[in-house]
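Here is the structure we will look at.
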Amino acid sequence: MLTLHNYINGKILPPSSGNYIDLYEPASGQVYGQVPDSDQSDVAVAFQAASDAFPSWSALSIDERSRYLHKIADLIDDNLDDLAAAESRDNGKPLWLAKKVDIRRASDNFRFFAQAITQFASESHAMTDAINYTLRQPLGVVGTISPWNLPLYLFTWKVAPALAAGNTVIAKPSEVTPMTAYLLSDICRQAGLPPGVLNIIHGDGIKVGAEMTKHPKIKAISFTGSTRVGGEIARVAAPMFKKLSLEMGGKNPNLIFADCDYDQMLRTTLNSSFANQGQICLCGSRILVQASIYDRFKADFVAKTKAMKVGHPSESDTRVGAIVSKLHYDKILSYIEIAKQEGGNILCGGEAIHPEGYEDGYYISPTIIEGLDNSCRTNQEEIFGPVVTIIPFETEAEALQMANDSNYGLSATLWTENLSRAHRMAKEIEAGIVWVNTWLQRDLRTPFGGVKQSGVGREGGFDALKFFTEPKNVCIRY
Ligand code: NAD
């Protein structure tokens, strides 16, 4: 049985309460570790450490801070196999996926912001009799709160820019998937990161995340997770005038026009529907298909989905691994029941499966549902699992109307070879990210985030560095 610890002031420490939460392996449904059940007193100790570390960390030259981040990136790469195995075991995602995507992206995040900070400049505005220049100064101690679906990937996506910009950080990984953040503590020690610069506190959302949010001296909260929790954070932090970045849920449309590159679309749609068991905030869960190719698409998509192997995450031919937790597994299954009650026709999947030897694991076969109106719960609420619906449309206007008929607005994918349509639709779709003839193709310099109930603010590139700094204008009269 593994026991995880917090990382505070450069030390690996037990929670002050002495209490732990059980950590489950989704592939087997068995407890395999203990996560600190930290609380307000751990947040207080971490805050003191981060506050003490801030003057010297923020005073380092950009090159010196950048070198620490590069070192962490290199150590993540050196430990790729161990980190990928830990991520897969903790989350249930296929091992090959953790290796190919999650862990590589974690080192990329550190490396990207190690470089970005060296290119981050501020503006100057000349007047006839004065010059203005803008200083961009770190905020102080900031908090980051991240979810379970891409554990180390999203954890580092926040921590790296915060550190690069000269802040000190209290970071809370999801209590459901804390393992790789715990392993990162040791990597930070090996990299010689000064004590208190990064503090990692494990535990439950209310006891740790909410305490960070209401802490009067934590200057900013960068959150990724559900819209419900994002709303709770905003309710507490906004009246305190904290800086807030909220990356939240989605119900992304995947719009498929008859004039698309069909084979490419089909391959990618399989991925955008079911990668990481459909637990990527950018997955396209509402598939809108032009009526003239609907039957062909349905037949091909169902056949390819049925051929995907659902199995233990460590097996190299597994395409769909285990759902992250029992709670989430029950939620997804309950939504499949709702879809049936709403009149949905399950074309494939729709049930729990029990691979031999792992009968207590949390496996759900990839599910395609048709026959539902866009306005029903199945098409309006985030399920966040291997469940998609397909809906036919006749015209571009009808497709656009359905795509935008959602409280969410994170991303959209558009399949068409008609250039004018691509530009026209990209402009009209209410989302922070639109992919045309591709999906999840990421350039880390681009703004990342959502509109409506999917988010407030943008991460990525200089947007993240702007979030983690405060602009100050200095006006000097000649
Ligand atoms: P969640 O909101 O339940 O939890 C996210 C984090 O918030 C966890 O670390 C949790 O412990 C913490 N938390 C819970 N209650 C809190 C509170 N009251 N105050 C402060 N922190 C609290 O989300 P989840 O179930 O871990 O993740 C799935 C959700 O994340 C989905 O809705 C998904 O769409 C979303 N997500 C969004 C993006 C994006 O970029 N927009 C990316 C990944 C995941």
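Computed from the coordinates by the stated procedures, all read-outs in this text should not be read as laboratory data. Every value quoted in this text rests on a predicted model; they were computed, and no experiment measured them. Heads up, the Cβs are rebuilt from the backbone with ideal geometry, glycines too, and the neighbour counts pull from every protein chain shown.
Which residue, chosen from 255, 353, 320, occupies the Cα position most advanced towards the positive end of the dipole of the range 253-443, where the dipole is computed from +1 (Lys, Arg) and -1 (Asp, Glu) charges on Cβ about the Cα centre?
Among 255, 353, 320, the one farthest towards the positive end of the dipole of the range 253-443 is 320.
To the nearest 10 degrees, how steeply does helix 179-190 sit against the main Cα axis of the chain, on a 0 to 90 scale?
Orientation of helix 179-190: about 30 degrees from the principal axis.
Could I have the simple spin-label model distance between residue 51 and residue 417, label points 7 Å from Cα toward Cβ, reported in nm to one decimal?
Distance between the two pseudo-spin positions: 6.4 nm.
Could you state the angle between the C-alpha long axis of helix 291-306 and the longest principal axis of the C-alpha atoms of the chain, as a value from 0 to 90 degrees rounded to the nearest 10?
The answer is roughly 70 degrees.
Pick out, from 154, 457, 180, the residue whose Cα sits farthest towards the positive end of the charge dipole of the chain, with +1 on the Cβ of Lys and Arg and -1 on the Cβ of Asp and Glu.
In the chain, that residue is 457.
Taking the Kirkwood radius as the inverse of the mean 1/r across Cα pairs, report the Rg/Rh of the range 1-59.
1.14
Rounded to the nearest 20 debye, what is the charge dipole size of the range 413-475 about its Cα centre when +1 sits on each Lys and Arg Cβ and -1 on each Asp and Glu Cβ?
Dipole about the Cα centre, nearest 20: 100 debye.
Please give the peptides 295-306, 136-147, 22-33 ranked by average Cβ packing (other Cβ atoms within 10 Å per residue), highest first, as a rough proxy for protection.
Values: 295-306: 15.9, 136-147: 23.8, 22-33: 19.0.
Ranked by mean Cβ neighbours within 10 Å, highest first: 136-147, 22-33, 295-306.
Expressed as a rounded percentage, what relative contact order does the range 253-443 have, with Cα pairs under 8 Å and six or more residues apart?
Relative contact order of the range 253-443: 28 percent.
Show the residues, 5+ positions off or on another chain, whose built amide H is closer than 5 Å to the amide H of residue 32.
Counting only residues 5 or more places away or on other chains, the set is 23, 24, 25.
Restricting to the range 253-443, compute how many DSSP beta bridges are antiparallel as a %, nearest 5. Let's see the in-between values first.
Values: 5 of 26 bridges.
Percentage antiparallel, nearest 5: 20.
How long is the gain from residue 405 to residue 100 if the chain were fully straight, where each residue apart is worth 0.36 nm and the alpha carbon distance is subtracted?
Full extension of this stretch gives 106.3 nm more.
Under 8 Å for C-alpha pairs, at least 6 residues apart: give me the relative contact order for the chain, rounded to a whole percent.
19
Compare the peptides 278-287, 184-193, 307-316 by average per-residue count of other Cβ atoms within 10 angstrom and give them in order, highest first. Walk me through the numbers on the way to the answer.
Details: 278-287: 23.9, 184-193: 18.6, 307-316: 16.8.
Peptide ranking by packing, descending: 278-287, 184-193, 307-316.
For the range 445-478, list residues with backbone N below 11 Å from a point placed 7 Å from the Cα of residue 127 toward its Cβ?
Only 475-478 fall inside the zone, counting backbone N under 11 Å.
In nm, what is the difference between 0.36 nm times the number of residues separating residue 31 and residue 119 and their Cα-Cα distance? Walk me through the numbers before you get to the answer.
Numbers: separation 88, 0.36 × 88 = 31.68 nm, distance 4.55 nm.
Taking residue 31 through residue 119 to full extension adds about 27.1 nm, to one decimal.
State, to one decimal in nm, how far the label point of residue 2 lies from the label point of residue 424, with both points 7 Å from Cα in the Cβ direction.
5.3
Run a plain Debye calculation on the range 349-432 (Cα atoms as equal point scatterers, no solvent) and give log10 I(q)/I(0) at q = 0.15, 0.24, 0.26 Å⁻¹, rounded to two decimals, same order as the q list.
Evaluating at q = 0.15, 0.24, 0.26 Å⁻¹ gives log10 I(q)/I(0) of -0.69, -1.25, -1.36.
Does anything in the range 185-219 have its amide N under 17 Å from the 7 Å Cα→Cβ label point of residue 59, and if so which residues?
Within reach of a label on residue 59, which here means backbone N under 17 Å from a point 7 Å along Cα→Cβ, the range 185-219 contributes 194-197.
Taking H as built 1.01 Å from N, whose amide H comes closer than 5 Å to the amide H of residue 309, not counting residues under 5 places away?
319, 320
How many percent of Cα pairs in the range 286-381 exceed 17 Å?
Working: 2566 of 4560 pairs.
That tail contains 56 percent of the Cα-Cα pairs.
For the Cα atoms of the chain, what angle does the longest principal axis make with the long axis of helix 40-59, in degrees from 0 to 90, nearest 10?
With both axes taken from Cα atoms, the answer is about 70 degrees.
Return the tail of the calculated pair distribution for the range 185-277, meaning the percent of Cα-Cα pairs more than 18 Å apart.
Numbers: 2755 of 4278 pairs.
Counting every Cα pair in the range 185-277, those more than 18 Å apart make up 64 percent.
For the chain, what class follows from the C-alpha gyration tensor (a ≥ b ≥ c being the square roots of its eigenvalues): rounded when a/c is under 1.5, otherwise prolate if a/b is larger than b/c, else oblate?
Judged from the Cα gyration tensor, the chain comes out oblate (a/c at least 1.5, b/c at or above a/b).
Go through 365, 402, 341 and say which Cα lies farthest out towards the positive end of the charge dipole of the range 253-443; charges sit on Cβ, +1 for Lys and Arg, -1 for Asp and Glu.
Of the candidates, 365 comes out farthest on the positive side.
Pull out a ≥ b ≥ c, the square roots of the eigenvalues of the alpha-carbon gyration tensor of the range 102-172, then state rounded if a/c is under 1.5, prolate if not and a/b is larger than b/c, and oblate in the remaining case.
prolate
Could you give the dipole magnitude of the range 253-443 about its Cα centre, charging the beta-carbon of Lys and Arg +1 and that of Asp and Glu -1, in debye to the nearest 20?
That gives a dipole near 220 debye.
List the lysines whose alpha-carbon lies under 21 Å from that of residue 304, not counting same-chain residues fewer than 8 positions away?
93
Which pairs, out of 158/427; 71/331; 100/452, put more than 30 Å between their alpha-carbon atoms? Provide the component values of the computation, followed by the final result.
Numbers: 158/427 28 Å; 71/331 40 Å; 100/452 32 Å.
The answer is 71/331; 100/452.
Between residue 381 and residue 235, what's the calculated FRET efficiency when r is the beta-carbon distance and R0 is 25 Å? Round to 0.05.
It comes to 0.75.
Please give the charge dipole size of the chain, origin at the Cα centre, charges +1 on K and R Cβ atoms and -1 on D and E Cβ atoms. Round to the nearest 20 debye.
For this selection, approximately 1300 debye.
Grab every C-alpha pair in the range 322-478, bin the distances at 5 angstrom width from 0 up to the longest one, and report whole percents.
In order of increasing distance, the bins hold 2, 8, 13, 15, 15, 15, 12, 9, 5, 3, 2, 1, 1, 1, 0, 0 percent.
For the chain, give me the percentage of DSSP beta bridges that are antiparallel, rounded to the nearest 5 percent. Write out the running numbers ahead of the final one.
Values: 32 of 72 bridges.
Among the beta bridges of the chain, antiparallel pairing accounts for roughly 45 percent.
Can you list the aspartates and glutamates whose alpha carbon sits under 19 Å from that of residue 466, skipping same-chain ones fewer than 8 residues off?
63, 123, 247, 443
Per-residue counts of other Cβ atoms within 10 Å, averaged by peptide: what ranking do you get for 426-437, 233-244, highest first?
426-437, 233-244
Nearest 5 is fine: what % of DSSP beta bridges in the range 354-468 come out antiparallel, could you say?
The antiparallel fraction comes to roughly 25 percent.
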